[in-house]
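The values are calculated or read from the model by the stated rules, or taken from the named source; none is laboratory data. Keep in mind it's a predicted model, so treat the numbers as computed, not measured. Here the Cβ positions follow ideal geometry from the backbone for every residue, glycine too, while neighbour counts run over all protein chains shown. Accessible surface is based on the protein model in full, side chains and every heavy atom, while ligands, DNA and RNA are left aside. Shrake-Rupley method; radii C 1.70, N 1.55, O 1.52, S 1.80 Å.
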Amino acid sequence: MPAEIAAIERLLKTGKSKVQRNQIWEQICAENGVGQVIGREIHFTPADKRRLREYVVAEHGLDPQFDVRAGGPMAMASKDSNEKLSSDSVFGHLIVLATAGTAKVRASGEDVATPEGSVLSVLPECLDTDHLQSQKLVIIENGGVMPYWANLQLPASWKDSVILYRGHRENARSVAEIARNQPAEKLAWFYDFDPAGQALALDKDRGSTLVPEKWRELGRHTPFNQPKTHRNQSAALKRLKSRATGELLAIAEHMANEELAVMQEHMVLRHVPLAALALTAV
């Protein structure tokens, strides 16, 4: 496993989009359903790289793009929070969130709500996390959908929720801490509706996962389904089916039968109604 983490770290930190094909990378790609083999190389899309990063965060609680020291131990460093700031991440340390319904966040002692089409960026030390724990919290994996949070068709019991981006730079560490401290009954995760996405949600082992309410109506011929993406996720599907229980296991079986892979962007922009499933694993 350290070799896999180191390989992913090198890919993300160098900004490359391809690697030389070898046994380690073949295993990584099979596990996560990413990458396209072209000759002796494996090529990655931006979505592939996002998924690899989220995989390491979910499995090890570390952000391979920022937390892992090359050649060093795989542990969170007790360094100053500004140590890794760079010129290309001016806002990377800010927490990005929005408020749906009547939910509010408290920043610098002020209660704040975000109008439709806007988000709030706040320093971690200015966010009242105790107050946040009194609200329902939905953590979104893909920051690209954050400006469209108002299109999220949340379940009735989650209509009044704080929407929080899981982070992509220094803020990922702050969000991970917020998630750890959030009451499980007030925590939900929004991932892609495919084997890899739901396996990552299940790895969180607490809270709920948001899935299409009428998932049984989604099939291989759904216009925005991506069967090719699904076919690249055989290892993730196996992992999901081995750990899921109840309705999530039924979803995994349905995904397998229909080759389902529906991205968050499509669920949001098409106003797909969502349901919350409590995360329980065997």
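A quick yes/no check of all residues on (1) touching a residue at least 24 places away in the same chain (Cβ under 8 Å); (2) open to solvent by less than 10 Å² (accessible area, probe 1.4 Å); (3) more than 17 Å from Ala188 (Cβ to Cβ); (4) of a type outside the set (A, V, I, L, M, F, W, C):
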{"site": "His93", "(1), (2), (3), (4)": "yes, no, yes, yes"}
{"site": "Leu97", "(1), (2), (3), (4)": "yes, yes, no, no"}
{"site": "Gly109", "(1), (2), (3), (4)": "no, no, yes, yes"}
{"site": "Glu116", "(1), (2), (3), (4)": "yes, no, yes, yes"}
{"site": "Ser121", "(1), (2), (3), (4)": "yes, no, yes, yes"}
{"site": "Ile140", "(1), (2), (3), (4)": "yes, yes, no, no"}
{"site": "Leu152", "(1), (2), (3), (4)": "yes, no, no, no"}
{"site": "Ser157", "(1), (2), (3), (4)": "yes, no, no, yes"}
{"site": "Asp160", "(1), (2), (3), (4)": "yes, no, no, yes"}
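Condition first: open to solvent by 10 Å² or more (accessible area, probe 1.4 Å) and either under 12 Å from Tyr55 (Cβ atoms) or touching a helix residue (DSSP H, G or I) at 6+ places or on another chain (Cβ under 6 Å) (or both). Now tell me which residues in the range 189-206 satisfy that.
The answer is Trp189, Asp203, Arg206.
Please go through the range 20-34 and pick out each residue that is touching a residue at least 24 places away in the same chain (Cβ under 8 Å), assigned to a helix (DSSP H, G or I) and either over 25 Å from Ser242 (Cα atoms) or of a type in the set (A, V, I, L, M) (or both).
Ile28, Ala30
Would you confirm whether any residue within the range 248-259 is part of a loop (DSSP other than H, G, I, E, B), within 25 Å of Tyr165 (Cβ to Cβ) and open to solvent by less than 10 Å² (accessible area, probe 1.4 Å)?
no
Take the range 2-54 and flag every residue that is out of contact with any Pro (no Cβ under 8 Å at 6 or more places or on another chain) and among the acidic types (Asp, Glu).
Correct list: Glu4, Glu26, Glu31, Glu41, Asp48, Glu54.
Find the residue count for the range 145-195, including only residues that are part of a strand (DSSP E or B) and of a type in the set (Val, Ile, Thr).
Number of matching residues: 2.
List every residue pair whose Cβ atoms sit under 6 Å apart, with the two residues 6 or more apart in sequence or on different chains, where the first one lies in the range 6-19 and is in contact (Cβ under 8 Å) with a residue 40 or more places away in the chain and the second, anywhere, is surrounded by 20 or more Cβ atoms within 10 Å (Cβ to Cβ) and of a type in the set (S, T, N, Q).
Between residues of the range 6-19 that are in contact (Cβ under 8 Å) with a residue 40 or more places away in the chain and residues that are surrounded by 20 or more Cβ atoms within 10 Å (Cβ to Cβ) and of a type in the set (S, T, N, Q), the close pairs are Leu12/Gln65.
Looking at the range 130-143, can you tell me whether even one residue there is in a helix (DSSP H, G or I), at pLDDT 95 or above and either under 15 Å from Arg51 (Cα atoms) or polar (S, T, N, Q) (or both)?
No, that holds for no residue.
So Pro183 clears everything in (1) open to solvent by 10 Å² or more (accessible area, probe 1.4 Å); (2) under 14 Å from Ala100 (Cβ atoms); (3) modelled with pLDDT of 95 or more except one condition, right? Which one?
Checking Pro183 against (1) open to solvent by 10 Å² or more (accessible area, probe 1.4 Å); (2) under 14 Å from Ala100 (Cβ atoms); (3) modelled with pLDDT of 95 or more, the one that fails is (2).
With respect to the numbered conditions (1) closer than 25 Å to Val268 by Cβ; (2) modelled with pLDDT under 90; (3) part of a helix (DSSP H, G or I), which one is the sole condition not fulfilled by Asp63?
Asp63 satisfies every listed condition except (3).
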